[in-house]
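Notes follow once the structure below has been shown.
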Amino acid sequence: MKVILLADVYKQGVAGEVVEVADGYARNYLIPKKLAAKATLSELARAERLRETAAARKAELENRLNDLARQIDGVELVFGRRAANTGKLFGSVTTTDIAQALYEKVGIDINRRRISQQAIREIGLFEVPVRLGTEISPVLRIHVVREEELASFLAARGAAEAQAAAPVTEAEAPTAETAEPVMEAEAPAPDATE
């Protein structure tokens, strides 16, 4: 029997597709559960509308995924773990750990299966790609340090960020030294005209 799928059905097809299935499967399962309808002319027109709405939903989802990809691209995550003298971890940093840390830092919940990396088992800096969207391929920067060095690493990193931000604020705000010469330059001009 030819039916039009009204929803995605595992191993049969996607919504809006016309497929040939066994008569009993259609009558006893697909049609009663409203997963499919018998392929008639009116149902074929309805299927076309279903395909259009499905394409619109897919495009909207793709746009949302691309927005998320832009938001998480370049995010740095730091993990403190116990490690041997050789740099090998006693355990690992898993994709679940990375997804949880990303949620805590950025507030975006990513399925751990989208994080394309095996468990990290060494100390160091790792770039982990995330399968999300089609426009860009976001990369997470993962720092794994020893547990006992975590506080000093975060402090050094915070100091470096503060130092990088400091010249920007000084350049924007005029200092007292730069403001005084401007005043002096304006003061002699009225005396010269009198």
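The values are calculated or read from the model by the stated rules, or taken from the named source; none is laboratory data. Fair warning: this is a prediction, and the values are worked out from it, not measured in the lab. With ideal geometry, Cβ positions are generated from the backbone for all residues, glycine too; neighbour counts draw on all protein chains shown.
Got a number for residues in the stretch 86-110 being over 24 Å from Phe153 (Cα atoms) and either in a helix (DSSP H, G or I) or β-branched (Val, Ile, Thr) (or both)? Please lay out each step first, then the result.
So the first thing to find is which residues in the stretch 86-110 are over 24 Å from Phe153 (Cα atoms), and the list is 108-110.
Filter once more, so that each one left must be either in a helix (DSSP H, G or I) or β-branched (Val, Ile, Thr) (or both): 108, 110.
Here the count works out to 2.
Examine the stretch 30-41 for a residue that is within 38 Å of the chain's Cα centre (by Cα), surrounded by fewer than 14 Cβ atoms within 10 Å (Cβ to Cβ), closer than 26 Å to Gly133 by Cα and without any contact (Cβ under 8 Å) to a residue 24 or more places away in the chain, and state whether such a residue exists.
No, there is no match, as no residue in the stretch 30-41 is within 38 Å of the chain's Cα centre (by Cα), surrounded by fewer than 14 Cβ atoms within 10 Å (Cβ to Cβ), closer than 26 Å to Gly133 by Cα and without any contact (Cβ under 8 Å) to a residue 24 or more places away in the chain.
When both residues are 6+ apart or on different chains and their Cβ atoms are under 6 Å apart, which pairs have a first residue that lies in the stretch 95-107 and is under 19 Å from Arg70 (Cα atoms) and in the same structural domain as Phe79 (by TED's automatic domain parsing), and a second that is in a loop (DSSP other than H, G, I, E, B) and acidic (Asp, Glu)?
Matching pairs, first to second residue: Tyr103/Asp109.
Considering only residues of the stretch 132-167 that are under 18 Å from the mean Cα position of the chain (by Cα) and at pLDDT below 90, which is surrounded by the fewest Cβ atoms within 10 Å (Cβ to Cβ)?
Filtering the stretch 132-167 for residues that are under 18 Å from the mean Cα position of the chain (by Cα) and at pLDDT below 90, the one surrounded by the fewest Cβ atoms within 10 Å (Cβ to Cβ) comes out as Thr134.
All but one of (1) aliphatic (A, V, I, L, M); (2) touching a residue at least 60 places away in the same chain (Cβ under 8 Å); (3) within 25 Å of Phe153 (Cα to Cα) hold for Ile136; state the number of the condition that does not hold.
(3)
Within the set of pairs 6+ apart or on separate chains, which have a first residue in the stretch 140-158 that is touching a residue at least 24 places away in the same chain (Cβ under 8 Å) and under 18 Å from Val128 (Cβ atoms), a second that is assigned to a strand (DSSP E or B) and among the basic types (Lys, Arg), and C-beta atoms under 7 Å apart?
Final answer for the pair search is Val144/Arg81.
Got at least one residue in the stretch 81-91 being in contact with a His (Cβ under 8 Å, 6 or more places away or on another chain) and buried (at least 17 other Cβ atoms within 10 Å of the Cβ)?
no
Looking at (1) in the same structural domain as His143 (by TED's automatic domain parsing); (2) part of a loop (DSSP other than H, G, I, E, B); (3) exposed (fewer than 15 other Cβ atoms within 10 Å of the Cβ), can you tell me which one Arg113 breaks?
The one condition Arg113 does not meet is (2).
List the number of the failed condition for Ser116; all other conditions in (1) over 12 Å from the mean Cα position of the chain (by Cα); (2) of a type in the set (Ser, Thr, Tyr); (3) at pLDDT 90 or above hold.
Just one mismatch for Ser116, condition (3).
Here is a check on your reading of the model: is Lys105 over 23 Å from Ser137 (Cα atoms) and at pLDDT 90 or above?
So Lys105 fails the test.
Taking strands (runs of 3 or more DSSP E) that do not extend beyond the stretch 1-85, which have at least 3 residues that are modelled with pLDDT of 85 or more and among the hydrophobic types (A, V, I, L, M, F, W, C)?
The qualifying strands (runs of 3 or more DSSP E) are 2-5, 76-81.
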